[in-house]
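The values are calculated or read from the model by the stated rules, or taken from the named source; none is laboratory data. These figures come from a predicted structure and were not determined experimentally. Virtual Cβ from ideal backbone geometry, glycine too; neighbours counted across all protein chains shown. Heads up: the accessible areas ignore ligands, DNA and RNA and are worked out on the full protein's heavy atoms, side chains in. Shrake-Rupley method; radii C 1.70, N 1.55, O 1.52, S 1.80 Å.
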Amino acid sequence: MVSKGDFHTHSTASDGRLSPTELVDLVASQGVQYHALTDHDSTQGVAEAIAAGEKYENYHLIPGVEFGTDIEGAEVHMLGLFLSPHDEDLQAKLWELREGRLNRGEGIVNKLREQGKMIEWSRVQEIAGEASVGRPHIAEALVEAGYVKKVADAFDTLIGRNGTAYVKRPNMTPEDAVEFILARGGLACWAHPADMGITDDQVEPILKRLVGVGMQAMEVFYKDYKPATIEMLRLLTVKYDILPLGGSDYHGIFGNDERLPGDIPLPDSSVERLLEFGRTLPNRELVPS
Ligand code: AMP
Ligand code: ZN
Ligand code: FE
Ligand code: FE
């Protein structure tokens, strides 16, 4: 069964492998009807994705972004859905965040070189192309140069949070991200809350803080979350009266075992609730009818 919605995917505008058009073609061919493109710190893929989606009767694009934020010892990723790519304040913020990624990426490459992994920063930039540069691009350069076998191995030993060449990037706090998304008229959704160094018992206190500043949703039906994790998160969305959303976080860079768009147990009711709620937002004109 393919879900009717998938609210978390990446294209070549950030660290995904498929162009926005290729991604939309894949998502639509899977049978997903409501699809959010949520590149890291970028809406550069949205116009192309909308155009690519026009040939499908039962396909609708939701413009979004994924913000990375830091808390003590862990990361909180925040999806902003229904954000307008034509919003100048949004673009100024995304530009600033992408600039920060450049310095940080070069910092990681310098650390790698000090450790004898002689990849070139210029090669990483070539791999990233127009994209918002990220660690997966560095991982790819490491694979290409033969220092690791696959992208995941690069994260495990070198560039993951506990890796020897990890460098933090200048980030917002999760509260800043929620407030920014709301000020731009969109919907804030905490992505993959049971990952990124956050233990199960830390989820509720963080959630409480973020709901306190207006966060409206949390990703419950995420990629390969186990039924017990999904149920724990779903109950929290009931308790705090927020929307339970879900996404595949499809990147197309993790090889054959990567879950395809729409291969998530997202109930139709979650899609309907999102669309209904979307119509109450300042940016309601971005909600598919
Ligand atoms: P960055 O935006 O540069 O901090 O890189 C974050 C991205 O790297 C995430 O969106 C994932 O696509 C990828 N990533 C993070 N952790 C891992 C991991 N342990 N294994 C593989 N990919 C990862
Ligand atoms: Zn990513
Ligand atoms: Fe993420
Ligand atoms: Fe993501």
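When the chain is treated as a GNM, springs tying every alpha-carbon pair under 10 Å, which of GLY116, GLY100, GLY134 comes out with the largest mean-square fluctuation?
Largest GNM mean-square fluctuation: GLY116.
Please list the radius of gyration and Dmax for region 1-80, considering alpha-carbon atoms only, with Å as the unit.
Spelled out, the Cα radius of gyration and Dmax of region 1-80 are 13.0, 45 Å.
Quick one: in region 183-284, what % of C-alpha pairs are over 15 Å apart?
63
With a 1.4 Å probe and all protein chains left in place, how much accessible area per residue does the chain have, in Å²?
Accessible area per residue: 44 Å².
Please list 3J(HN,Hα) in residue order for region 208-213, calculated via the Karplus relation 6.51 cos²θ - 1.76 cosθ + 1.60 where θ = phi - 60°; whole Hz, with x for glycine and proline.
4, 4, 6, 5, x, 9
Based on DSSP, what percent of beta bridges with both residues in region 8-156 are antiparallel, to the nearest 5?
For region 8-156, the DSSP antiparallel bridge percentage is about 55.
Short version: ³J(HN,Hα) in whole Hz for each residue of region 129-138, in order, from phi by Karplus 6.51 cos²θ - 1.76 cosθ + 1.60 (θ = phi - 60°), x for Gly and Pro, what are they?
x, 7, 6, 5, 6, x, 4, x, 5, 5
Rounded to a whole number, what is D in µm²/s for region 15-154 from Stokes-Einstein with the Kirkwood radius over alpha-carbon pairs (4 °C, 1.567 mPa s)?
Answer, rounded: 78 µm²/s.
Can you list the residues, at least 5 places off or on another chain, whose amide H is less than 5 Å from the amide H of VAL220, using H built in the peptide plane?
Counting only residues 5 or more places away or on other chains, the set is LEU245, GLY246.
Rounded to the nearest 0.05, what FRET efficiency do ASN256 and GLU144 give with R0 = 25 Å and r taken as the Cβ-Cβ distance? Could you check?
Efficiency for this residue pair is about 0.85.
How much length, in nm to one decimal, is gained on full extension between ARG123 and SER269, taken as 0.36 nm per residue of separation minus their Cα-Cα distance?
Working it through step by step, the gained length comes to 48.1 nm.
For region 55-71, what does the Karplus curve 6.51 cos²θ - 1.76 cosθ + 1.60, with θ = phi - 60°, yield as ³J(HN,Hα) per residue in whole Hz, taken in order and with x for Gly and Pro?
6, 10, 5, 9, 9, 9, 9, 10, x, x, 8, 10, 9, x, 9, 10, 10
Roughly what % of DSSP beta bridges within the chain run antiparallel, to the nearest 5?
Antiparallel: roughly 40 percent of the beta bridges in the chain.
From the Cα gyration tensor of region 107-164, with a ≥ b ≥ c the square roots of its eigenvalues, which class applies: rounded if a/c is under 1.5, or else prolate if a/b is larger than b/c, or else oblate?
It comes out rounded by the Cα gyration axes.
Would you look at the GNM of the chain, springs on alpha carbons closer than 10 Å, and say which of ARG123, ARG98, ARG259 moves the most?
The residue that fluctuates most here is ARG123.
How far apart, in nm, are the 7 Å Cα→Cβ label points at GLU22 and LYS226?
In this crude label model, GLU22 to LYS226 measures out at 3.4 nm.
Can you give me the C-alpha center-to-center distance between region 144-189 and region 61-116, rounded to a whole angstrom?
After rounding, the separation between the Cα centres reads 7 Å.
As a test of the formula, what do you get for the chain when each DSSP H run with n ≥ 4 contributes -39,500 (n - 2.57) and the sum is divided by the residue count, at 222 nm and rounded to the nearest 500 deg cm²/dmol?
-12000 deg cm²/dmol
For the chain, modelled as a GNM with alpha-carbon contacts under 10 angstrom, which of GLN125, GLN91, GLN115 fluctuates the most?
Maximum among the listed residues: GLN115.
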